[in-house]
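Student: Got a structure for you, written out below as structure tokens; questions coming shortly.
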Amino acid sequence: MRTPSSMSRRSIDLHLTISLLWFGFYCLSVVAARPSLLDNGTDSRLSDHEFTYVSSWPIVDRKLGSVSAVAINGDSSVVVLHRGSHVWNIASFDAKNNYLNATGGPIPERTVLTFDRNSGQLLQEWGEDLFYMPHGLTIDHEQNYWITDVALHQVFKFNVNQSTKAPVLTLGQRFQPGNDMSHFCKPTSVAVLPSGEFFVADGYCNGRIIKYTAEGTSILSWGRNSFILTRTFNLPVGPVPTNFFAIPHALTLVPKHDLLCVADREQGRVQCFHTANGTYHSQYSSDEIGTRLFSVKYIEYDGTDLLYIINGPQFTIDSKPIVGFIYGMDANRVVGHFRPENALHAFSNPHELAVSDDGAEVYVAELNPQMVHKFRRVARHREDARSSTVLKQPAELPTAAPRKMEDNVYKRPINMKDGSDGRALTIGTIEIFSIVSTLLATAFLVVLMSRIFCFRPSTGASERSDQFTLVGLQDRDDDI
């Protein structure tokens, strides 16, 4: 005859086992349901888009301010723009976007620094007593330097071969925010066509793009600040229509297709437009990138159109890690990643990036901590007829230390969809076996221990059985 005690014991055993197995299969489903990190990744053995971190670059003999931008000039040197002793904080502007610290004078430090791409040695420095809150830096095909200043609400063009003290072109009115064609409001970035025509992203307030002649005469503008949608039409926060920007933060040209692409920062997307007339062409986004996208740069690599993207801190429940992304425009997905290998150099608040024309090097400007990250492409042996040599990692680069599983999630081998590599492992074999085996063993041990300690025969056990609850498993000392 089954006693109430034995029936209760078996019921608890069954519930424990079922609960543990359910939890295990739930964990398994979570792992299997992460296509954004696994399916869009790359096989690290075959990837054309694997980068290693160069930790010893650049050589800096001073404390930098917030590094807002980085670019590569015609000599392949790396140019860094920083804010010196000036800091953009909540007290920098009033509600009408007027800069409140103008009486403090311009930044006294030299804000434009040029470094050798290989050695990291400082080659040139200038820019003292010129800027108040510099933001964007663009170096065009004629080696003119274009710098935006969000405090001055102006855009400057410098011919550094002539002078670094005075610009050859200035657009916008000093310390005067506005929304007509002669004013900017916190402009962010510039892109210059081979013809000399150029575009300005304007910017934090106006949410528009303006096209100019080479001489600086406005031709057309498009776009509106997307925040007006929620203010005017009471629409919920979320994806907005094209041609609206939640801070057009960076610009890049796609010469192959005559496109201008815009980093739509607070919408986590890249919008692309025809350079001739500003009409919409396409947009690119990914769940991996998340809701904030700070910068974008285009290169053509091995015949493929690529967008290099950097995201940033995100203030959502499903926050995404801060990572550099390589986005295939034709594939319409993330095809590679780059980020520091260890926590010491981890991204915190990246702001801008630059990519060499050959795609061999990537540089990321960081606001805080104030630094510049450098990444170098790892050359891989291509197992096809195109490969004739094996290129090895340069000797001066430090060997990356083994990383934890969570650090390597972007380089885990995946099952190639075209079946081209039989060595590629699927997520289903080893991981499923390991997880299920561990859970079954755990369930067995928990049930065994519960039978030994929680249900020992004792006087009055039958009388106590109807008083037993699952709370006893949590407060065992009181129950025994």
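Student: Can you confirm whether residue 247 is out of contact with any helix residue (DSSP H, G or I) (no Cβ under 9 Å at 6 or more places or on another chain) and among the β-branched types (Val, Ile, Thr)? Outline the logic, then answer.
Tutor: Values: out of contact with any helix residue (DSSP H, G or I) (no Cβ under 9 Å at 6 or more places or on another chain): no; among the β-branched types (Val, Ile, Thr): yes.
When the stated conditions are applied, residue 247 does not pass them.
Student: I've got another one for you. Closer than 21 Å to residue 82 by Cα, in contact (Cβ under 8 Å) with a residue 40 or more places away in the chain and in the same structural domain as residue 81 (by TED's automatic domain parsing): does that describe residue 326?
Tutor: Working: closer than 21 Å to residue 82 by Cα: no; in contact (Cβ under 8 Å) with a residue 40 or more places away in the chain: yes; in the same structural domain as residue 81 (by TED's automatic domain parsing): yes.
So residue 326 fails the test.
Student: If you don't mind, there's one more thing I want to ask. Looking only at segment 242-257, filter to residues that are β-branched (Val, Ile, Thr) and either at pLDDT 95 or above or crowded, with 24+ Cβ neighbours inside 10 Å (or both); which one of those is farthest from the chain's Cα centre (by Cα)? Lay out the reasoning, then the answer.
Tutor: Restricting attention to segment 242-257, the residues satisfying the condition of being β-branched (Val, Ile, Thr) are 242, 247, 252, 254.
Narrowing further to those that are either at pLDDT 95 or above or crowded, with 24+ Cβ neighbours inside 10 Å (or both): 247, 252, 254.
Working: 247: 16, 252: 16, 254: 20 Å.
Here the residue is 254.
Student: Can I ask one more? Could you count how many residues in segment 61-106 are under 18 Å from residue 119 (Cβ atoms) and modelled with pLDDT under 95?
Tutor: Total satisfying the criteria: 2.
Student: Can you name the condition, by its number, that residue 235 falls short on among (1) touching a helix residue (DSSP H, G or I) at 6+ places or on another chain (Cβ under 8 Å); (2) on the phi < 0 side of the Ramachandran plot; (3) modelled with pLDDT of 95 or more?
Tutor: (3)
Student: Taking the condition assigned to a loop (DSSP other than H, G, I, E, B) and touching a residue at least 40 places away in the same chain (Cβ under 8 Å), does residue 151 pass? Talk me through it step by step, then tell me what you get.
Tutor: Details: assigned to a loop (DSSP other than H, G, I, E, B): yes; touching a residue at least 40 places away in the same chain (Cβ under 8 Å): yes.
For residue 151, the condition - assigned to a loop (DSSP other than H, G, I, E, B) and touching a residue at least 40 places away in the same chain (Cβ under 8 Å) - is met.
Student: For the structure I just gave you, tell me whether residue 113 is at negative phi, assigned by TED's automatic domain parsing to the domain that holds residue 371 and within 30 Å of the chain's Cα centre (by Cα). Let's see the steps before the verdict.
Tutor: Working: at negative phi: yes; assigned by TED's automatic domain parsing to the domain that holds residue 371: yes; within 30 Å of the chain's Cα centre (by Cα): yes.
The answer is yes for residue 113.
Student: May I ask you to verify whether residue 114 is assigned to a strand (DSSP E or B), without any contact (Cβ under 8 Å) to a residue 60 or more places away in the chain and among the hydroxyl-bearing types (Ser, Thr, Tyr)?
Tutor: Working: assigned to a strand (DSSP E or B): yes; without any contact (Cβ under 8 Å) to a residue 60 or more places away in the chain: yes; among the hydroxyl-bearing types (Ser, Thr, Tyr): yes.
It is true that residue 114 is assigned to a strand (DSSP E or B), without any contact (Cβ under 8 Å) to a residue 60 or more places away in the chain and among the hydroxyl-bearing types (Ser, Thr, Tyr).
Student: Just give me the residues in segment 124-139 being over 24 Å from the mean Cα position of the chain (by Cα) and buried (at least 16 other Cβ atoms within 10 Å of the Cβ), in sequence order. Don't jump to the end; show me each part of the working.
Tutor: The first filter runs over segment 124-139 and keeps only residues over 24 Å from the mean Cα position of the chain (by Cα), leaving 124-132.
Correct list: 125, 126, 127, 128, 130, 131, 132.
Student: Right, another one. Looking at segment 147-165, is at least one residue crowded, with 23+ Cβ neighbours inside 10 Å and hydroxyl-bearing (Ser, Thr, Tyr)? Give the derivation first.
Tutor: Residues of segment 147-165 that are crowded, with 23+ Cβ neighbours inside 10 Å, as a first pass: 147-153, 155, 158.
So of that shortlist, the ones also hydroxyl-bearing (Ser, Thr, Tyr) come out as 148.
Among the residues of segment 147-165, at least one is crowded, with 23+ Cβ neighbours inside 10 Å and hydroxyl-bearing (Ser, Thr, Tyr), which makes the answer yes.
Student: Next up: So residue 175 clears everything in (1) aromatic (Phe, Trp, Tyr); (2) crowded, with 19+ Cβ neighbours inside 10 Å; (3) over 30 Å from residue 359 (Cα atoms) except one condition, right? Which one?
Tutor: With respect to (1) aromatic (Phe, Trp, Tyr); (2) crowded, with 19+ Cβ neighbours inside 10 Å; (3) over 30 Å from residue 359 (Cα atoms), residue 175 is out only on (2).
Student: For residue 159, are the conditions met, namely being more than 30 Å from the chain's Cα centre (by Cα) and either assigned by TED's automatic domain parsing to the domain that holds residue 84 or in contact (Cβ under 8 Å) with a residue 60 or more places away in the chain (or both)?
Tutor: yes
Student: Right, here's the next one. Quick one: residue 142 ticks every box in (1) loosely packed, with under 15 Cβ neighbours inside 10 Å; (2) in a strand (DSSP E or B) except a single one, so which number is it?
Tutor: Unmet for residue 142, out of (1) loosely packed, with under 15 Cβ neighbours inside 10 Å; (2) in a strand (DSSP E or B): (2).
Student: Moving to a separate point now. Within segment 101-122, track down each residue that is over 19 Å from residue 68 (Cβ atoms) and surrounded by 15 or more Cβ atoms within 10 Å (Cβ to Cβ).
Tutor: Within segment 101-122, 116, 117, 120 meet the criteria.
Student: In the same structural domain as residue 142 (by TED's automatic domain parsing), over 21 Å from residue 368 (Cα atoms) and not polar (S, T, N, Q) - does that describe any residue in segment 76-83?
Tutor: Looking only at segment 76-83, we keep the residues that are in the same structural domain as residue 142 (by TED's automatic domain parsing), and these are 76-83.
Imposing the further condition that a residue be over 21 Å from residue 368 (Cα atoms) reduces the set to 76-77.
After this cut, where a residue has to be not polar (S, T, N, Q) as well, the list is none.
There is no residue in segment 76-83 that is in the same structural domain as residue 142 (by TED's automatic domain parsing), over 21 Å from residue 368 (Cα atoms) and not polar (S, T, N, Q).
Student: Hey, any hits in segment 87-97 for a residue that's in the same structural domain as residue 192 (by TED's automatic domain parsing), closer than 30 Å to residue 377 by Cβ, assigned to a strand (DSSP E or B) and of a type in the set (Phe, Trp, Tyr)?
Tutor: no
Condition check ((1) in contact (Cβ under 8 Å) with a residue 40 or more places away in the chain; (2) in contact with a Lys or Arg (Cβ under 9 Å, 6 or more places away or on another chain); (3) in the same structural domain as residue 333 (by TED's automatic domain parsing)) across all residues:
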position: 246; (1), (2), (3): no, yes, yes
position: 253; (1), (2), (3): yes, no, yes
position: 258; (1), (2), (3): no, no, yes
position: 263; (1), (2), (3): yes, yes, yes
position: 267; (1), (2), (3): yes, yes, yes
position: 270; (1), (2), (3): yes, no, yes
position: 281; (1), (2), (3): no, no, yes
position: 291; (1), (2), (3): no, yes, yes
position: 299; (1), (2), (3): yes, no, yes
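The values are calculated or read from the model by the stated rules, or taken from the named source; none is laboratory data. Only a predicted model underlies this, so the values are computations on that prediction, with no experimental measurement involved. With ideal geometry, Cβ positions are generated from the backbone for all residues, glycine too; neighbour counts draw on all protein chains shown.
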